[in-house]
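Here is the structure we will look at.
Please treat every number below as a calculation from the coordinates, not as lab data. Quantities reported herein were computed from a predicted structural model and do not represent experimental measurements. Neighbour counts run over all protein chains shown; Cβ positions are idealised from the backbone, glycine included.
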Amino acid sequence: MTTENKTIVQRALAGLIETGDVDALAALLSDDFLHHRPDATTSTRTQWLANVRAALTPIAGMQVEILHLLSDDDHVVVHSRRKLPDAGPEIVVVDIWRIDNGLIAEGWETIEPSARAAANLTWWAPAS
């Protein structure tokens, strides 16, 4: 099952990153898909796909390097480094996808600009 789930996520990402085909991505999402962001924002399938479509122009030509692709039962985790074209910022992204009945049913996403990573390593340190 975990290999099949990884394949579903790989197909979804490859279709979007390589071709910008949002409809191919949509075909792999369940009707009740939910997407969660760290700011506690949750989007429905329709809302999230609209956001993805709106982001396609700014991210066209983005380079994506998959650093880790892990699966456990019905969850798949993708850890990637992404660089926008034309000297745009580099970000590190962790996506967690939950698969149900062969479709992506839920997703969580955390994005960190690489340039700010060192500052974020000391968030727990007491103030001087």
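Tabulated values for the structure
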| read-out | value |
| --- | --- |
| Matching residues, segment 8-31, being assigned to a strand (DSSP E or B) and touching a residue at least 40 places away in the same chain (Cβ under 8 Å) | Leu29, Ser30 |
| Leu34 being surrounded by 15 or more Cβ atoms within 10 Å (Cβ to Cβ), hydrophobic (A, V, I, L, M, F, W, C) and assigned to a strand (DSSP E or B) | yes |
| Candidate set from segment 74-127 (those that are of a type in the set (D, E, K, R) and part of a loop (DSSP other than H, G, I, E, B)); member that is surrounded by the fewest Cβ atoms within 10 Å (Cβ to Cβ) | Asp86 |
| Filtered residue count, segment 77-127, keeping only those that are at positive phi and either charged (D, E, K, R) or within 10 Å of the chain's Cα centre (by Cα) (or both) | 1 |
| Qualifying residue in segment 41-56 (condition: part of a strand (DSSP E or B), within 27 Å of Glu4 (Cβ to Cβ) and not small (Gly, Ala, Ser)) | yes |
| Count of segment 27-67 residues which are closer than 16 Å to Glu109 by Cα and of a type in the set (Lys, Arg) | 2 |
| Ala12 under 14 Å from the mean Cα position of the chain (by Cα) and under 20 Å from Ile111 (Cβ atoms) | yes |
